[in-house]
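The values are calculated or read from the model by the stated rules, or taken from the named source; none is laboratory data. From a predicted model like this one, the values you see are computed outputs, not experimental measurements. Glycine also receives a Cβ, built like all others from the backbone with ideal geometry; neighbour counts cover every protein chain displayed.
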Protein chains: 2
Amino acid sequence: MRTGRPRDPLVTQRALAATWDLLSTKGYSALRIDDIATSCGIAKTTLYRRWPSLAHIVVDAVVSRIGDRTFTPTDDPVADLRAVSSMLVQSVNAGKDSWVSIALSLHEQSDSELRLRYRERIIDPVRELLAEVLERTALAGCLATTIPTDQLADMLIGGTVYRLVFLHSPLTEDEVTTIIGGLLTAR
Amino acid sequence: MRTGRPRDPLVTQRALAATWDLLSTKGYSALRIDDIATSCGIAKTTLYRRWPSLAHIVVDAVVSRIGDRTFTPTDDPVADLRAVSSMLVQSVNAGKDSWVSIALSLHEQSDSELRLRYRERIIDPVRELLAEVLERTALAGCLATTIPTDQLADMLIGGTVYRLVFLHSPLTEDEVTTIIGGLLTAR
């Protein structure tokens with residue numbers, strides 16, 4: 001039995017918007033796939049054809065809020081490092097009062113499928129992007145520190161999140177410029 | 001009217017333990033000072049003689065869980081930096097499944113008195129301690145980066161929290177040694 005409108009290109013969008021709203025109002029631990037089906041008027045069978053589990057829908061809903069975080073490298077690693085850092089900070093700061101708080105609540109869940117999915121889709125892409133551009137900067141001899149680049153990426157991401165979530169004082173564009181400048185060798 | 005046992009040296013300890021338990025089970029937003037009074041059997045008037053507000057009791061309860069974070073500086077800034085960083089990481093990591101999760105939920109509250117008190121008692125002391133020892137290290141010519149020391153402190157603290165809370169992979173003692181080593185000039 002096929003119900004809903006499986007070929008409607010807006011089905012995904014409607015389901016993700018409904019999921020986001022439910023996450024914001026009732027949180028993850030109280031969320032059931034039936035709530036999403038009822039809220040967006042899409043049959044549960046249709047949802048399960050698109051997403052194998054609730055964790056998959058939830059993480060896709062968060063991704064759809066964060067927006068595009070892709071980056072095309074150039075042959076100037078320092079310029080790329082500045083661009084990627086700036087994109088990262090803007091993306092984190094834009095999450096104030098929205099996805100950061102949901103991300104934190106997801107991290108408190110013991111649902112290992114959710115954590116894995118969240119990690120693969122949300123955390124790892126940006127960590128890998130930043131670590132990669134730091135590594136290219138180091139190979140070009142432009143990095144003043146010998147901290148391993150994956151550790152340095154975590155310090156930059158962690159520092160940005162910490163300023164937003166714990167200090168309620170988001171990193172500014174000028175501060176990002178200063179921090180990246182302080183990581184580079186004098187030229 | 002004096003009720004409770006105001007001269008009992010264990011009153012503070014009992015009240016903080018009860019507050020902690022209530023925070024863990026029902027969260028901050030549902031917590032009332034009456035609940036604490038009932039739970040520990042201490043009159044509300046007694047509690048108000050010791051703490052001017054609920055926010056004050058709650059933050060003290062978190063402080064009592066984190067434990068001592070004082071440090072006596074030596075005349076070797078690099079040794080001090082290693083010692084303070086190690087203490088910081090141990091203190092954050094020890095909060096897994098206990099105070100970190102409560103700290104996060106406190107940070108989502110819009111209670112400005114709570115935030116201010118939390119910031120003064122829990123966040124600022126360790127930030128200032130770390131920034132101060134980084135500054136001494138920089139003045140001794142031992143820091144390889146020109147990132148302002150307060151920013152660098154936030155990156156170290158933020159990176160530690162991020163590894164614990166978001167990556168569920170706490171920084172190890174070896175990694176702290178590597179990171180601090182990478183911040184220092186070759187000697």
Of the residues in the stretch B:133-160 that are at the interface with chain A (Cβ under 7 Å from one of its Cβ atoms) and small (Gly, Ala, Ser), the one that is surrounded by the most Cβ atoms within 10 Å (Cβ to Cβ) is B:GLY159
Looking at (1) under 30 Å from B:ILE180 (Cβ atoms); (2) of a type outside the set (S, T, N, Q); (3) at pLDDT 85 or above; (4) part of a helix (DSSP H, G or I), which is the one condition that is false for B:ASP75?
(4)
Out of A:ALA144, A:ALA140, report the one residue that is within 17 Å of B:LEU152 (Cβ to Cβ) and small (Gly, Ala, Ser).
A:ALA144
Of A:LEU23, A:LEU31, which residue is assigned to a loop (DSSP other than H, G, I, E, B), among the hydrophobic types (A, V, I, L, M, F, W, C) and over 18 Å from A:ASP124 (Cβ atoms)?
A:LEU31
Taking the condition surrounded by 23 or more Cβ atoms within 10 Å (Cβ to Cβ) and either among the charged types (D, E, K, R) or outside any helix (DSSP H, G or I) (or both), does B:LEU130 pass?
no
What number of residues within the stretch A:163-176 are closer than 20 Å to B:LEU183 by Cβ and surrounded by fewer than 24 Cβ atoms within 10 Å (Cβ to Cβ)?
3
For residues that are more than 7 Å from chain B (Cβ to nearest Cβ) and assigned to a helix (DSSP H, G or I), tally how many sit in the stretch A:161-176.
4
Counted residues in the stretch B:54-72 being in a loop (DSSP other than H, G, I, E, B), at pLDDT 90 or above and not aromatic (Phe, Trp, Tyr) come to 1
Assuming A:ALA79 fulfils every condition listed in (1) more than 14 Å from A:ILE157 (Cβ to Cβ); (2) in contact with a helix residue (DSSP H, G or I) (Cβ under 9 Å, 6 or more places away or on another chain); (3) assigned by TED's automatic domain parsing to the domain that holds A:LEU164 apart from one, which condition is it?
(2)
Filter pass, A:VAL84 being hydrophobic (A, V, I, L, M, F, W, C), in a helix (DSSP H, G or I), in contact with a Cys (Cβ under 8 Å, 6 or more places away or on another chain) and more than 30 Å from A:SER29 (Cβ to Cβ):
no
Given the residues A:LEU130, A:LEU164, A:LEU114, A:LEU143, which is the only one that is within 23 Å of B:THR185 (Cβ to Cβ) and in contact with a Leu (Cβ under 8 Å, 6 or more places away or on another chain)?
A:LEU143
Out of all the residues in the stretch A:81-127, which are among the small types (Gly, Ala, Ser), more than 11 Å from chain B (Cβ to nearest Cβ) and crowded, with 18+ Cβ neighbours inside 10 Å?
A:SER85, A:GLY95
If B:GLY141 satisfies all but one of (1) at negative phi; (2) in contact (Cβ under 8 Å) with a residue 40 or more places away in the chain; (3) out of contact with any Phe, Trp or Tyr (no Cβ under 6 Å at 6 or more places or on another chain), what's the number of the condition it fails?
(1)
Would you check if A:ALA186 is outside any helix (DSSP H, G or I) and under 29 Å from B:LEU184 (Cβ atoms)?
yes
